[in-house]
Structure formats: structure tokens, C-alpha cells
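Data first, discussion second: the structure below is written as C-alpha cells.
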Amino acid sequence: MENYWGRRFAALLVDIIILTLFMYVVSAIVFLLFAQLGIFSALNYWIIIAAIIILVYFTFMEGISDSTLGKKLFKLKVKAVNGNVGYKKAFIRSLSKIYYFPLILDIILGFIFGDSNDRILDKISGTYVISENISKQKGLKNSN
């Protein structure tokens, strides 16, 4: 299996930039709203809200289209070993993305206990990342 770590990392950076811009806009709106209401203590929960936004983004995008905006840009797709990726598998494989340390640990454990191209949550969720080109070639071979 071809190694896609460079493209996967670049796709993750694109997704992080998209999420950061989105959360910047949301946080500006929320801050203005809370400033008007005088309830600044609610801003203490922003780290939890940010984690939920990240988890929803990756779960929704990979669950509905097998890729995120970053993966689409770098022509990568998430595939399931059995069946479709779906929201459940996408949710499981996205759990480590909410903070940096779990993601780094996920990658290291993937190298130790699995294929060098998979994170440990890819193994647990029964998913893997593949190039769109290979995915299209397999589709052509299966249709013949």
C-alpha cells in the first residue's frame, strides 16, 4: 500500500485552516453577543465548543462524502474495510483530531500496532485512506 502521510498532513493543515477561520468568525459573533449580555463566564467553555465543532466537521464530511475539504484538495478518500464509511466510523476515526496530543499518540500507536499508513483509530473504525486515483481504478476494474 502506498504511503500518503505527506498528503494526509497537508490535507489536515488545510482542514485546520478552514476550521480556524470558521471558529474565529463564530467566536467573534459569540463574544459580541456575550459582551452585550454581560455573561463572560460562558467563554470558559469555548475549548469544549471548539472540540465539538472539530468533531462535527470531520464526522459530517467524512460520513457524507468520504473526505474533508482538505482531503478533496489532495485527492484522498476515506474508505471502509467493509461497507460504507458512514457517520459512526467517521466519528470513531475523528476522535483523536480534537486536540494535538491524542492525534500524535494515534499516529504513533498506528505505526507500532498497525500498517505504517494507518492511525490506530483507522484500525479500530475499520477505515483506511486511499488516493482517489486508486479508488477510481478499482471502480473501473470492478465494473468490467
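Laid out as a table, the results:
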quantity	calculated
Amide H contacts of Leu76 (H built 1.01 Å from N, under 5 Å, at least 5 apart or other chain)	Glu132
Net charge, Val85 excluded, C-beta distance under 13 Å - Lys, Arg +1, Asp, Glu -1	+3
Around Met23: net Lys/Arg minus Asp/Glu count, Cβ-Cβ under 15 Å	0
Cut-off under 5 Å, modelled amide H: who pairs with Thr127 long-range	Val81
Cβ-based exposure ranking for Asp66, Asp15, in which fewest neighbours within 10 Å come first	Asp15, Asp66
Calculated from backbone phi, Karplus (6.51, -1.76, 1.60) coupling profile of the range 119-126 in Hz, x at Gly/Pro	7, 5, 6, 5, 5, 5, 7, x
Sorted by Cβ density within 10 Å, fewest first, the residues Ser41, Ser94	Ser41, Ser94
Candidate values (i) 1.06; (ii) 1.09; (iii) 0.94, label of the one derived for Rg/Rh (Cα atoms, Kirkwood Rh)	(i)
Residue with peak Gaussian network fluctuation, the chain [Cα springs, cutoff 10 Å], from Gly126, Gly38, Gly110	Gly38
For the range 91-101, 3J(HN,Hα) per residue [Karplus equation, 6.51 cos²θ - 1.76 cosθ + 1.60, θ = phi - 60°, Hz, x = Gly/Pro]	4, 4, 6, 8, 4, 7, 7, 6, 9, 5, 4
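Read the figures in this text as sums done on the coordinates, not as results from a lab. Predicted, not measured: the structure shown is a model, and the values here were computed from it. As a convention, Cβ positions derive from the backbone with ideal geometry for all residues, glycine included, and neighbour counts pool all protein chains shown.
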